[in-house]
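Trainee: The structure is given below, and queries will be raised subsequently.
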Protein chains: 4
Amino acid sequence: MIIVLKPGATEREIESVENRVKEMGLKVHLSKGVERTIIGAIGDERKVDAAFFEVMDCVEKVMPILKPYKLVSREFKAEDTVLRVGDKVIGGEEVVVIAGPCSVEGRDMMLEIADSVKKSGAAFLRGGAFKPRTSPYSFQGLGEEGLKILAEARERTGLPVATELMDTRDIDLLIKYADIIQIGARNMQNFRLLTEVGKADKPVILKRGLSATVHELLMSAEYIASQGNAKIILCERGIRTFETSTRNTLDISALPVLKQLTHLPVIVDPSHASGKADLVHVLSAAAIAAGADGIMVEVHTKPEEALSDGPQSLRPELFAEMMRKAGAVAGAVGRRI
Amino acid sequence: MIIVLKPGATEREIESVENRVKEMGLKVHLSKGVERTIIGAIGDERKVDAAFFEVMDCVEKVMPILKPYKLVSREFKAEDTVLRVGDKVIGGEEVVVIAGPCSVEGRDMMLEIADSVKKSGAAFLRGGAFKPRTSPYSFQGLGEEGLKILAEARERTGLPVATELMDTRDIDLLIKYADIIQIGARNMQNFRLLTEVGKADKPVILKRGLSATVHELLMSAEYIASQGNAKIILCERGIRTFETSTRNTLDISALPVLKQLTHLPVIVDPSHASGKADLVHVLSAAAIAAGADGIMVEVHTKPEEALSDGPQSLRPELFAEMMRKAGAVAGAVGRRI
Amino acid sequence: MIIVLKPGATEREIESVENRVKEMGLKVHLSKGVERTIIGAIGDERKVDAAFFEVMDCVEKVMPILKPYKLVSREFKAEDTVLRVGDKVIGGEEVVVIAGPCSVEGRDMMLEIADSVKKSGAAFLRGGAFKPRTSPYSFQGLGEEGLKILAEARERTGLPVATELMDTRDIDLLIKYADIIQIGARNMQNFRLLTEVGKADKPVILKRGLSATVHELLMSAEYIASQGNAKIILCERGIRTFETSTRNTLDISALPVLKQLTHLPVIVDPSHASGKADLVHVLSAAAIAAGADGIMVEVHTKPEEALSDGPQSLRPELFAEMMRKAGAVAGAVGRRI
Amino acid sequence: MIIVLKPGATEREIESVENRVKEMGLKVHLSKGVERTIIGAIGDERKVDAAFFEVMDCVEKVMPILKPYKLVSREFKAEDTVLRVGDKVIGGEEVVVIAGPCSVEGRDMMLEIADSVKKSGAAFLRGGAFKPRTSPYSFQGLGEEGLKILAEARERTGLPVATELMDTRDIDLLIKYADIIQIGARNMQNFRLLTEVGKADKPVILKRGLSATVHELLMSAEYIASQGNAKIILCERGIRTFETSTRNTLDISALPVLKQLTHLPVIVDPSHASGKADLVHVLSAAAIAAGADGIMVEVHTKPEEALSDGPQSLRPELFAEMMRKAGAVAGAVGRRI
C-alpha cells in the first residue's frame, strides 16, 4: 500500500503515519520525493483498509498495490478451474450453452422448450421459478411449482438445470431441485445471499451487476469462495451505460480481462445484455471469439406469449441457427460446442 | 401506448397488432403517416407489458405514454406526503438531519456520538447493525447487539433511530428495535426485501441504487407501497458515472425531478455520494438549496478508528459547522433545520 | 411525432398545439385517451424540432417517430455501401485491416513498420501526423513532414494511407497526401471539421466519440453526407463507462445495431478501445465475429520507444498472430482477411 | 511515479526498469515487498509518460503521484484567481450571472433580451453567433452578423458579452467582437482551438466535455495556460450518465472538488445541464450553495419561437425569479449577486 502525503507534511505527521502502519503489522518504507513524501506499507495489505490512512489529515491519497481478492485470483491458483456438473464440464474445451425460458411459466411449455433446446445441442437448461421483476404488478414466478417442473425437465432430457435464488429463505429449496444456483445481477452485492451460497455444495453462476466493475464482481466471488464454495462461474451480462440502443452494453473486454485476473470460468448472457433477440446470435459469436466458456441464452417456443423477456427470447429455429454459428466460431478459436 | 410499425407493414400485420391490443382490453387508435403506421393502445396500459408488442415482427418500437408507477406518483396524490415519526416530521417545513456512525461499533462510542449529534441539532440517529461490506474480510456489524445499543441511544437522547435491513430473515428484529428501516442502495432492487418492508408498519428510507434511474427508484417505491406501506422516504446518494474524483456522482437534479414526479419526501446522503468528509458540508448546503427534505450524514467522534467509512465521516465539530451552514441555506429557501 | 399533453390540458391548449403542428406543414391526428390526450404530427418530422412543442406549457413530452438522419440510413439505401480505395474494397467480403503506428515519429521507423504490417497482410497503413494529445507537454506530431513520410510509405508498399485531420485549416494538406481522412473520436461533433470533409472527395473514417450514442454517430455521418460526401466508414473505438480495467469499453453490440440502421461500412479500433496490447487480438476476433468490416490497429516495432500509445501497440510478431486468429474467425463467419 | 512489477520479476528486469527511470532523469527508489517489487521514480514525473513503463513486460501497473497539470493547480498558485472584465469581476465575492439567448437570432430579439436580463441584474450577456448543432439541417447561427448584434447589445446595456468559438479560422473575428470567448463542451478537447485561445489576450470560458473527468477539464485548461493565457473560467455543465430524466447530470460535487484542485474561477450552466427551464432556478440555487462563482443561463423572451434550446430557456419573469432566489442563497453562503 502506497500512502502519499500532502505537500508540506511535517516530521511529526510522517511519524504518525509510520506508527499507524506498524500498528497494523506492516513494515514502513519511506521515500521523500521532490514534491511529495511517500510511505510504503509492506506486508499483506488485504487485512488493512485504505480508509484507515485516508482519514488522516496529512494524507493526500492511498494507493493499494495488491488486489483485494485472493482465493479467486489467478495468482492464488494459476490453472483454470474446470467444473463438473453431472456429465458436463464447464471451463474445459467445450463452450457450454445454457438455454431455456426466462421464467418457467407452465409444465407443457417448459418441457417443449427443454426438448427443443436439447435437440439443438444445449448442455444445460435454464428457467426462473423466482423472478426479480421491476414492477410489483408483473408475473413473479411459480415458486416451488416452477422448481418441480424444472426437475421434471431435467429427468426427461438429462440436462442439468440452473435457476435463480432471490431470497436467503429459499436456499434449501434451491439446493433440493437445482444443479446450478444462479445469483442475478441485481443481487451481485446481496452479501447475505452470497454467504448462503458460499456455504452450499452447489455450483453458482454469479452474474455481474449492472454497475459493477470487474473487480467488484471478483470481490463478490471472493465472498462465496471465502465461505468454502469455490465452484463459481462468472457471468458477463451487460453493464449500464449512456447508450440506449441496446438494453445494456455487453462488456466484451471483460472476458479477456477476467481470464487474466481469475482462474474461474466465465460465461456470457447475450439475451440480457442486448434485450433483443435479433442481436443474440451475433453477440454469442463475438463472446465465443473473445474466450467465453459458455453462453446463457433465453429461448421460448412462443416469445409473443412469454410472461417475461419475450423480446429477447430466441425462437427454436433461431436458437438452432445461433448454435450453428457459435459452433463455427468456437472451431475457429480451438474450441467446440 | 404507442406502437410504431416497421415501414412496409402489411394490412394483415396491422390487423394482428390491432387484435392483440383489443385482447388486452385496450382500444385501438390507428394512424397512418407518410413513412410509418402507428397504433395507439388506449386505456390503462400499466397492465400491459410493452414486450407483448415488441416481440412481434412487424413492430419497430413501442413507446409507453403513462408512467409505470401509480401509488407513489404526484398524479395519484397531488399534495406532499408528510410523515410523523415520534415527535418528528419528515416532509414538512423542517429539513431533518439524520446523523450517526456508519456502523454501530460499540456501546460507549455510539452513545458518545448520539449525545454529540443531538447537541448539534440532529433530528434522528443513524447507525448500522448489519453492514453490507464489499469485502468478506471486513467488519460486518454487531447484529442484534448493535440494534440494542441503538435502542439505548434512542432512550438516552430521545432521537428516533434509522438502521439498515439486509436480509428478509431480519425483518422482525428490525421492527422491534428501529423507528425507520433503511433499504440500502445495493438492495434497491432486492424485491423480496421491498415486499417485506411493504408489509411492515414502519417508515422506510429507500436509497437509490448506484445505477438506478429516477424511474426505477420510483418503481421500487411502488413495490413497497403496493404492499400497503406508503411511509416511504426516498434517498438520493449518488450514482455511478465515469468520474472518479468523488466516490459517486451526487445527482442533484434528481431532487427537483422527484419533487415533480412523486409526493414522497426526498432526502440526500452526501457522505456516501462523495466519500469525502471535506465535501459533505458543501453538498448538504447544495442539497437543501435544491429542495431536500432531509440530510443523512455520517458522524464519528474518532473517524481514524472507525471500522467502516471513516474517510467520509464528519468529526463532531465539522458536523456542528455543517449544521450552521445548512441552517443558513435552509432559511434562504424558506425552510429551517 | 407524438405530442403527449399534460393531464387536464384544456380545449384551448389542445387547439394551440394543433395550430402549431399545422403551421409547420404537418397534419394533425388527435387521440384522446383515458388519462392523456395525444396529438400525432404526421409528415416529414425531420424538418421540425421537438423543442418547438416541448416548450409549450401544456405539453408533457414529445416522442419522435422517425430517425433524425436520412442519407446514411438503411431505409434510404437498403444495400450495403462498398467503398473502393485504390485497389482495396471496404465493406465487401474482405475484412480490411488498417495498421501502423499511433504517430509517425520518423522516416525509418515508419517505413520499417509499413513493411512489417504489409508482410502480415494489412490492407491499409495508418499513422498520425497531427496528434490530439491530452497534455500540452506531449509530442504533437510531425505535421506535413509526417504526411510526406506516410506518402513515401505508400509508394514503397502500395498500401493506401489513413491519417487524422484535427483542424479545418489543414484540410488541403490532408487531401494532398492521404487516401482516407480520419476524424478522431474527440472531433466527432466538431461540426466544422465534418462540414469540410463533407465537401472533400475522399473517404472518411468517422470515429465514435467517447460519449456519443449510436444515433449521434449517425447524425455526425449525416453531417458529412449532407455536404455531398457519402464515402463514410464508421469506427467503433470504445465508449466511456464506469469500468476502469480497460481504457474504454468496446461497445461490441454497436456493430449489429449499426448494421441494421445504416448502409455504411463499420470498422473497429481495438487498440484505443482497450488501451492494452495484450487484449487486441481477442477483441479483433470478437469484432470480426460481430460483423466488423475492418479492424484498425496500432502496430509499432518498438513500443517501448513509441512517443504515443506504446502500451496499446502490437509488436510485429503479435500483429502477425492477431492476423492469423482474425483470419480464422473471418472464415467462420463467411468472410476473409 | 510508482512502478509496480509483476510477481516473479527477475533481477535483470528490475534493473532494466531502473535504468529506464534513470535515463529519464529521475531517481530510483527500490522497495521489495512480500508479493511485489515496487520502483519509485523520484523527480518531476510530469515530463515522463507512464506509458514508457507500462509497455515493459515485467511491469504490472504504473501509478502517477503528481497531477499532470501544473499552471492551473492550486499548488502552483494558492490564492484564487480573480478576473476583471470591463468593470466586472469574476471569482470575487459577487456571483456573476451570464444570461442571454442560446443563439443570436436577430437584432430586435437580442436587444430586447439584453435589456431584460440587464434589468434583472445579469452581469454579462451571452449569445451564440456560431452554433454547434447536432443536425446539419438545423439553424447554424448568424456568423459575423450575430457578433455585430452582440456588440450592439453591449454598447446599449454596458454588459460585456461572451460567445462561442467553434473553428480556429474564426479566432480573429471573436477577438474583435467578444469580451469573453467560450469553448463549448464538444470542443473541450479540440486541442487546436485551445492552443489558439491560449495565444489570445481574452478571458476564456472553458466548458467541461460531456464525458470529461475533472482532471481532463484541468488538462484542457493547462493547454490554454501553457500558451500564455491564464484568464480561464471553468464551467460545469452536466456530464453524460445513464440517467435520462435530465438531458445531462449536473455534477455538483465538481464545484468543491475543483475549488480544492485549482485556483481558477468555476461557473455552472444549469440550462444545458438539465435541458429544462423549470429546473434552472433550483439548480442555480444549488450551484451557488456549492460554491459557484457564476451562473450561465439561457433566457429568451419567446422560448416557443427560439431557433435553438427553447425548452431550456427561461422567460424573463422566470429569470427575474431565479435571480431573487439565487440572491437569497448567495447571501446565506456569504456572497452576493
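Trainee: With respect to residue A:152, is the statement that it is open to solvent by less than 50 Å² (accessible area, probe 1.4 Å) and touching a helix residue (DSSP H, G or I) at 6+ places or on another chain (Cβ under 9 Å) true?
Mentor: For residue A:152, the condition - open to solvent by less than 50 Å² (accessible area, probe 1.4 Å) and touching a helix residue (DSSP H, G or I) at 6+ places or on another chain (Cβ under 9 Å) - is not met.
Trainee: Taking into account only those residues within segment B:155-177 that are touching a residue at least 40 places away in the same chain (Cβ under 8 Å) and assigned to a loop (DSSP other than H, G, I, E, B), which is most open to solvent (accessible area, probe 1.4 Å)?
Mentor: Looking at residues that are touching a residue at least 40 places away in the same chain (Cβ under 8 Å) and assigned to a loop (DSSP other than H, G, I, E, B), I get B:158.
Trainee: Considering every residue within segment C:80-102, establish whether at least one is more than 26 Å from residue C:287 (Cβ to Cβ), surrounded by fewer than 20 Cβ atoms within 10 Å (Cβ to Cβ) and either among the β-branched types (Val, Ile, Thr) or touching a residue at least 12 places away in the same chain (Cβ under 8 Å) (or both).
Mentor: no
Residue-wise test of (1) over 25 Å from residue B:319 (Cα atoms); (2) among the aliphatic types (A, V, I, L, M); (3) not in a strand (DSSP E or B).
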position: B:69; (1), (2), (3): yes, no, yes
position: B:79; (1), (2), (3): yes, no, yes
position: B:112; (1), (2), (3): no, no, yes
position: B:122; (1), (2), (3): no, yes, yes
position: B:138; (1), (2), (3): yes, no, yes
position: B:145; (1), (2), (3): yes, no, yes
position: B:151; (1), (2), (3): no, yes, yes
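Trainee: Which members of segment B:37-49 meet the condition of being modelled with pLDDT of 85 or more and either assigned to a strand (DSSP E or B) or closer than 23 Å to residue C:64 by Cβ (or both)?
Mentor: Step one: filter segment B:37-49 for residues modelled with pLDDT of 85 or more, giving B:37-43.
Those that are modelled with pLDDT of 85 or more and either assigned to a strand (DSSP E or B) or closer than 23 Å to residue C:64 by Cβ (or both): B:37, B:38, B:39, B:40, B:41, B:42.
Trainee: If residue C:301 satisfies every condition in (1) facing chain A (nearest Cβ under 9 Å); (2) more than 23 Å from the chain's Cα centre (by Cα); (3) assigned to a loop (DSSP other than H, G, I, E, B) but one, which is the exception?
Mentor: (1)
Trainee: Tally time: how many residues in segment A:15-27 are out of contact with any Gly (no Cβ under 6 Å at 6 or more places or on another chain) and buried (at least 18 other Cβ atoms within 10 Å of the Cβ)?
Mentor: 3
Trainee: Now a separate question. Here is a check on your reading of the model: is residue D:212 facing chain C (nearest Cβ under 9 Å), under 18 Å from residue D:90 (Cβ atoms) and not β-branched (Val, Ile, Thr)?
Mentor: Taking the combined requirement at face value, the residue does not satisfy it.
Trainee: Right, another one. Pairs only if they're at least six apart or on different chains, beta carbon under 6 angstrom, first in segment D:30-43 and facing chain A (nearest Cβ under 7 Å), second of a type in the set (Gly, Ala, Ser) and not in a loop (DSSP other than H, G, I, E, B); list them, first residue then second.
Mentor: D:31/A:40; D:38/D:31; D:40/A:31
Trainee: Within segment D:208-229, take every residue that is touching a Phe, Trp or Tyr at 6+ places or on another chain (Cβ under 8 Å) and outside any helix (DSSP H, G or I) and give me the one that is farthest from residue D:263 (Cα to Cα).
Mentor: Filtering first and then ranking leaves D:211.
Trainee: Right, next: Need the failing condition index for residue A:54 against (1) touching a strand residue (DSSP E or B) at 6+ places or on another chain (Cβ under 6 Å); (2) under 22 Å from residue A:270 (Cβ atoms), just the number.
Mentor: (2)
Trainee: Do we have residue D:233 as buried (at least 24 other Cβ atoms within 10 Å of the Cβ), more than 9 Å from chain C (Cβ to nearest Cβ) and either within 22 Å of residue C:190 (Cα to Cα) or at pLDDT 95 or above (or both) here?
Mentor: For residue D:233, the condition - buried (at least 24 other Cβ atoms within 10 Å of the Cβ), more than 9 Å from chain C (Cβ to nearest Cβ) and either within 22 Å of residue C:190 (Cα to Cα) or at pLDDT 95 or above (or both) - is met.
Trainee: Please specify each residue of segment A:197-207 satisfying the condition of being in a strand (DSSP E or B) and without any contact (Cβ under 8 Å) to a residue 40 or more places away in the chain.
Mentor: Listed by number, the residues that qualify are A:204, A:206.
Trainee: Restricting attention to segment A:103-137, which residues are open to solvent by less than 40 Å² (accessible area, probe 1.4 Å), more than 13 Å from every other protein chain (Cβ to nearest Cβ) and closer than 30 Å to residue B:227 by Cβ?
Mentor: If the condition is that a residue be open to solvent by less than 40 Å² (accessible area, probe 1.4 Å), more than 13 Å from every other protein chain (Cβ to nearest Cβ) and closer than 30 Å to residue B:227 by Cβ, then A:104, A:106, A:109, A:110, A:126, A:127, A:129 are the ones that fit.
Trainee: Could you list all residues from segment C:14-29 that are of a type in the set (D, E, K, R), more than 13 Å from chain D (Cβ to nearest Cβ) and part of a helix (DSSP H, G or I)?
Mentor: Taking segment C:14-29 as the starting set, the residues that turn out to be of a type in the set (D, E, K, R) are C:15, C:18, C:20, C:22-23, C:27.
Add one more test, that the residue is more than 13 Å from chain D (Cβ to nearest Cβ), and what stays is C:15, C:18, C:22, C:27.
Within segment C:14-29, C:15, C:18, C:22 qualify.
Trainee: Looking only at segment D:81-110, which residues are aliphatic (A, V, I, L, M), farther than 25 Å from residue D:333 by Cβ and not in a loop (DSSP other than H, G, I, E, B)?
Mentor: Keep residues of segment D:81-110 that are aliphatic (A, V, I, L, M), which gives D:82-83, D:85, D:89-90, D:95-99, D:104, D:109-110.
Subset that is farther than 25 Å from residue D:333 by Cβ: D:104, D:109-110.
D:109, D:110 - these are the residues of segment D:81-110 that are aliphatic (A, V, I, L, M), farther than 25 Å from residue D:333 by Cβ and not in a loop (DSSP other than H, G, I, E, B).
Trainee: Could you please find all residues in segment B:178-196 being part of a helix (DSSP H, G or I) and over 17 Å from residue A:136 (Cα atoms)?
Mentor: Within segment B:178-196, B:185, B:186 meet the criteria.
Trainee: Assuming residue C:255 fulfils every condition listed in (1) under 30 Å from residue D:63 (Cβ atoms); (2) facing chain A (nearest Cβ under 9 Å) apart from one, which condition is it?
Mentor: Of everything listed in (1) under 30 Å from residue D:63 (Cβ atoms); (2) facing chain A (nearest Cβ under 9 Å), residue C:255 misses just condition (1).
Trainee: Do you know which residues across segment D:221-230 are more than 8 Å from every other protein chain (Cβ to nearest Cβ) and polar (S, T, N, Q)?
Mentor: D:229, the sole residue that qualifies.
Trainee: When you check residue B:333 against the structure, is it within 14 Å of chain D (Cβ to nearest Cβ), open to solvent by 10 Å² or more (accessible area, probe 1.4 Å) and more than 24 Å from residue B:242 (Cα to Cα), yes or no?
Mentor: Spelling it out, residue B:333 is indeed within 14 Å of chain D (Cβ to nearest Cβ), open to solvent by 10 Å² or more (accessible area, probe 1.4 Å) and more than 24 Å from residue B:242 (Cα to Cα).
Trainee: Additional query: Which count do you get for residues in segment D:44-65 that are free of Cβ contacts under 8 Å to residues at least 24 places away in the same chain and open to solvent by less than 50 Å² (accessible area, probe 1.4 Å)? Let's see the steps before the verdict.
Mentor: Residues of segment D:44-65 free of Cβ contacts under 8 Å to residues at least 24 places away in the same chain: D:44, D:47, D:49, D:51, D:54-55.
Applying the additional criterion that residues be open to solvent by less than 50 Å² (accessible area, probe 1.4 Å) yields D:44, D:51, D:55.
Residues meeting the conditions: 3.
Trainee: Under the condition of being within 12 Å of chain D (Cβ to nearest Cβ), at pLDDT below 90 and assigned to a loop (DSSP other than H, G, I, E, B), which residue from segment C:53-67 is farthest from residue C:178 (Cα to Cα)?
Mentor: Per the stated criteria, the residue is C:57.
Trainee: Hey, among the residues in segment A:212-230 that are open to solvent by 10 Å² or more (accessible area, probe 1.4 Å) and of a type in the set (Gly, Ala, Ser), which one's nearest to residue A:264 (Cα to Cα)?
Mentor: This residue is A:230.
Trainee: In segment D:178-209, which residue that is charged (D, E, K, R) and buried (at least 24 other Cβ atoms within 10 Å of the Cβ) is farthest from the other protein chains (Cβ to nearest Cβ)? Explain how you work it out, then say what you get.
Mentor: The first filter runs over segment D:178-209 and keeps only residues charged (D, E, K, R), leaving D:179, D:186, D:192, D:196, D:199, D:201-202, D:207-208.
Those left that are additionally buried (at least 24 other Cβ atoms within 10 Å of the Cβ): D:196, D:207-208.
Working: D:196: 9, D:207: 13, D:208: 10 Å.
Step by step, filter segment D:178-209, then rank; the result is D:207.
A quick yes/no check of all residues on (1) in a strand (DSSP E or B); (2) at the interface with chain B (Cβ under 9 Å from one of its Cβ atoms); (3) on the phi < 0 side of the Ramachandran plot:
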position	(1), (2), (3)
D:259	no, yes, yes
D:282	no, yes, yes
D:286	no, yes, yes
D:297	yes, no, yes
D:308	no, no, yes
D:317	no, no, yes
D:320	no, no, yes
D:325	no, yes, yes
D:329	no, yes, yes
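The values are calculated or read from the model by the stated rules, or taken from the named source; none is laboratory data. Just so we're clear, the structure is a prediction, and the values are computed from it rather than from any experiment. All Cβ positions, even for glycine, are placed from backbone atoms using ideal geometry, and neighbour counts span all protein chains on display. Heavy atoms of the whole protein, side chains included, go into the accessibility calculation; ligands, DNA and RNA do not. Shrake-Rupley method; radii C 1.70, N 1.55, O 1.52, S 1.80 Å.
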